[in-house]
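This report refers to the structure that appears directly beneath it.
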Amino acid sequence: MRNALIVLPFLAMPLTALANTSVVVNVTGHLYAPTTCSLTTPPTVVFGDVLTTDVDKGDRVQPIEITLSCQDRNPLQSVMVQVDASGGSGNLIPVSGAKGLELALKKDGSDQNLGTPVKLDTDGPLNLSLTLVKKASEAYDAGAFTATATVTVDVV
C-alpha cells in the first residue's frame with residue numbers, strides 16, 4: 001500500500017503541468033489589392049521623308065510616346081514592360097517596304113532588347129525611342145516603309 005501512494009503523485013504530475021500551460025498567439029498581416037496597370041495608346045511614330053545619308057548617321061530618332069499608369073501598387077508584385085516585334089532580333093525591329101534599314105529600339109537612350117522584360121517601379125513615360133539604322137549586308141532600296149511592335153505590361 002505504501003508503494004501505491006508514492007506512484008500516485010507522479011502519475012498526476014503531468015496532468016497538472018499540462019492544465020496550467022497556455023500561450024497567446026498574436027496574428028498580424030497586411031492585405032493588399034492586386035496591382036492593375038495600363039498603357040496609353042501610342043500615336044503612330046512618324047519618321048517622314050528620310051535620306052539614306054540620315055540613316056547612315058544614325059541621327060533619325062523618334063520617341064514612342066507611351067505612358068504607364070498603375071493603381072494599387074503593392075510591395076508583393078512587380079510591374080514588367082516588354083516590347084516584341086515579329087522577326088526582330090536583339091534590339092532591332094524589321095521594316096516592310098523600303099530595303100536596307102531597320103529600327104533600333106532604345107530605352108532611356110540605351111539599347112533595349114526585344115522580348116526582355118523591364119521592371120518599372122514608377123508610373124510615367126516609358127522613355128522608349130526608335131532609331132533608323134542601316135541593315136547590315138543589305139543595300140538600300142528606296143520606298144515607303146512600315147513596322148509594328150507590341151508593348152505589353154505584366155504584373156507578376
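The values are calculated or read from the model by the stated rules, or taken from the named source; none is laboratory data. Everything quoted here is computed from the prediction, not taken from an experiment. With ideal geometry, Cβ positions are generated from the backbone for all residues, glycine too; neighbour counts draw on all protein chains shown.
Considering segment 76-102 alone, what residues qualify as being closer than 30 Å to Val155 by Cβ and either in contact with a helix residue (DSSP H, G or I) (Cβ under 8 Å, 6 or more places away or on another chain) or not aliphatic (A, V, I, L, M) (or both)? I'd like the intermediate steps shown before the answer.
Keep residues of segment 76-102 that are closer than 30 Å to Val155 by Cβ, which gives 76-94.
Once the filter is applied, which keeps residues that are closer than 30 Å to Val155 by Cβ and either in contact with a helix residue (DSSP H, G or I) (Cβ under 8 Å, 6 or more places away or on another chain) or not aliphatic (A, V, I, L, M) (or both), segment 76-102 yields Gln77, Ser78, Gln82, Asp84, Ser86, Gly87, Gly88, Ser89, Gly90, Asn91, Pro94.
Among the residues in segment 83-91, are any within 19 Å of the chain's Cα centre (by Cα) and either charged (D, E, K, R) or at positive phi (or both)?
Yes: segment 83-91 contains one or more residues that are within 19 Å of the chain's Cα centre (by Cα) and either charged (D, E, K, R) or at positive phi (or both).
If you check Asp121, Asp72, which single one turns out to be within 13 Å of the chain's Cα centre (by Cα) and acidic (Asp, Glu)? First the steps, then the outcome.
On the way: Asp72 fails: within 13 Å of the chain's Cα centre (by Cα).
Among Asp121, Asp72, only Asp121 is within 13 Å of the chain's Cα centre (by Cα) and acidic (Asp, Glu).
Only one of these conditions is not met by Val55: (1) within 30 Å of Ala139 (Cα to Cα); (2) surrounded by fewer than 12 Cβ atoms within 10 Å (Cβ to Cβ); (3) at pLDDT 95 or above. Which number is it?
So Val55 meets the others, but not (2).
Report, by residue number, each residue of segment 94-146 that is of a type outside the set (S, T, N, Q), assigned to a loop (DSSP other than H, G, I, E, B) and farther than 30 Å from Ser78 by Cβ.
Quick first cut of segment 94-146, residues of a type outside the set (S, T, N, Q) only: 94-95, 97-109, 111, 114-115, 117-121, 123-126, 128, 130, 132-136, 138-145.
Then keep just the ones that are assigned to a loop (DSSP other than H, G, I, E, B); that gives 95, 100, 108-109, 114-115, 117, 120-121, 123, 126, 135-136, 138-140.
Result: Val95, Gly100, Lys135, Ala136, Glu138, Ala139, Tyr140.
Return a yes/no flag: does segment 144-151 have any residue that is over 24 Å from Asp49 (Cα atoms), surrounded by 11 or more Cβ atoms within 10 Å (Cβ to Cβ) and not polar (S, T, N, Q).
yes
Counting only residues that are part of a loop (DSSP other than H, G, I, E, B), surrounded by 13 or more Cβ atoms within 10 Å (Cβ to Cβ) and either hydrophobic (A, V, I, L, M, F, W, C) or touching a residue at least 24 places away in the same chain (Cβ under 8 Å) (or both), how many does segment 75-93 have?
So the count comes out to 5.
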